[in-house]
1. Which condition does residue 238 not pass, out of (1) more than 20 Å from the chain's Cα centre (by Cα); (2) farther than 24 Å from residue 95 by Cα, if it passes all the others?
2. Sort out which residues of segment 245-258 are closer than 13 Å to residue 223 by Cα, assigned to a helix (DSSP H, G or I) and out of contact with any helix residue (DSSP H, G or I) (no Cβ under 7 Å at 6 or more places or on another chain), and write them in order of number.
3. Among the residues of segment 196-203, are any part of a helix (DSSP H, G or I), modelled with pLDDT of 50 or more and within 17 Å of the chain's Cα centre (by Cα)?
4. So, residue 69, is that one among the charged types (D, E, K, R), in contact (Cβ under 8 Å) with a residue 24 or more places away in the chain and within 28 Å of residue 305 (Cβ to Cβ) or not?
5. Within the bounds of segment 57-64, is there any residue that is more than 20 Å from residue 22 (Cα to Cα) and either without any contact (Cβ under 8 Å) to a residue 24 or more places away in the chain or in a helix (DSSP H, G or I) (or both)?
6. Could you list, in sequence order, all residues of segment 204-224 that are among the basic types (Lys, Arg) and either in a helix (DSSP H, G or I) or modelled with pLDDT under 85 (or both)?
7. I'm checking my understanding of the structure. Among residues of segment 71-104 that are of a type outside the set (Ser, Thr, Tyr) and not in a helix (DSSP H, G or I), which one is modelled with the lowest pLDDT?
8. Out of all the residues in segment 117-138, is one or more assigned to a helix (DSSP H, G or I) and touching a strand residue (DSSP E or B) at 6+ places or on another chain (Cβ under 8 Å)?
Amino acid sequence: MSPVPDKLNQTVDDALELLLARAGKSRGLLVDDVRPRIEKALDKYLFADEPSAGRAEVQNFIGEIRADDLCLITACERGDEKAWEDLVAGFDATVKSAARKISANAEDAEDLASSIWAELYGLRQDAEGNRKSKLAYYSGRGSLGGWLRAVVAQLAVDQFRKQSKLVQLEEDREFDVLANELPNSQNGLVAQHENPEEIMTESRTAADVTAALGSAIAVLKDEDRLILKLYYFEDLKLKNIAATFGFHEATASRRLARLQADIRKSVQKLLKTEYGWNDGEIDQYLYENAERAGVNFEKMLGIAVIVMAMQDFWA
């Protein structure tokens, strides 16, 4: 059943006609081709908050949709190979740049970028034999470049969690062997030993750090949060951020450095006061192991900002 009230169906169709008309490349799409995606967006982002939204609200909502990006993604999902070529040509650099920002090395970044394109193309199939692709989640409300950076971050987090579980399983087996080889008097020490070889391999640690970062970012001033979003999520250079706010590039650099330092202090404080960490745990879990794994605090902060920002786009 359509989430759009019957009385607004014509309004939606008219607005979609205008959307296709203002697209530089409508790629041969018709209203019926884009309507299902727009209905999902209306249901999630408009009617969920304003059940009584009327004609004007629907028109404004659809009027803000990025027509060219929406048509490009819809055409890709429908199997248009030319659209797919355009997508890769136009955004491969964006995907690779985002992958480099949150990868430990160039090889990992290349692997992550390749995985993104596979996920977007859709290598898996549903029960009906249709390709399952993350393209289905793009609503057109935000920039396609920003959305793709969000997809990179999400896949990186998913892969990290999966790898962490595998690492933990291997460690558990190793400790079981060691425990059996040592005298009984030492078994208890070995069996209870926690061995964080990689940052956040233990679920409580990951949850604590994620929550602390989220809390530290949430209490920042609006302008400071916007600076972080522009830098980490929109991938703007400092000179462009400075131009946005009307100050010098050096000022933008100082502001970003101060924000990073303030968030670091807030996270340390929260880990102590809210989650019971001690100084040794902070040094070991948050910094020492992170540096060895190639995931420094700035990268963790960047991932947190991206994941928080993409909540506006991710279904």
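The values are calculated or read from the model by the stated rules, or taken from the named source; none is laboratory data. Here the structure is a predicted model, which means the values were calculated and not measured. In this analysis, Cβ positions are derived from the backbone assuming ideal geometry, glycine residues included, and neighbour counts consider all displayed protein chains.
1. All conditions are met except number (2).
2. 245 - this is the single residue of segment 245-258 that is closer than 13 Å to residue 223 by Cα, assigned to a helix (DSSP H, G or I) and out of contact with any helix residue (DSSP H, G or I) (no Cβ under 7 Å at 6 or more places or on another chain).
3. There is no residue in segment 196-203 that is part of a helix (DSSP H, G or I), modelled with pLDDT of 50 or more and within 17 Å of the chain's Cα centre (by Cα).
4. yes
5. no
6. If the condition is that a residue be among the basic types (Lys, Arg) and either in a helix (DSSP H, G or I) or modelled with pLDDT under 85 (or both), then 204 is the only one that fits.
7. So, considering only residues that are of a type outside the set (Ser, Thr, Tyr) and not in a helix (DSSP H, G or I), the one modelled with the lowest pLDDT is 104.
8. Among the residues of segment 117-138, at least one is assigned to a helix (DSSP H, G or I) and touching a strand residue (DSSP E or B) at 6+ places or on another chain (Cβ under 8 Å), which makes the answer yes.
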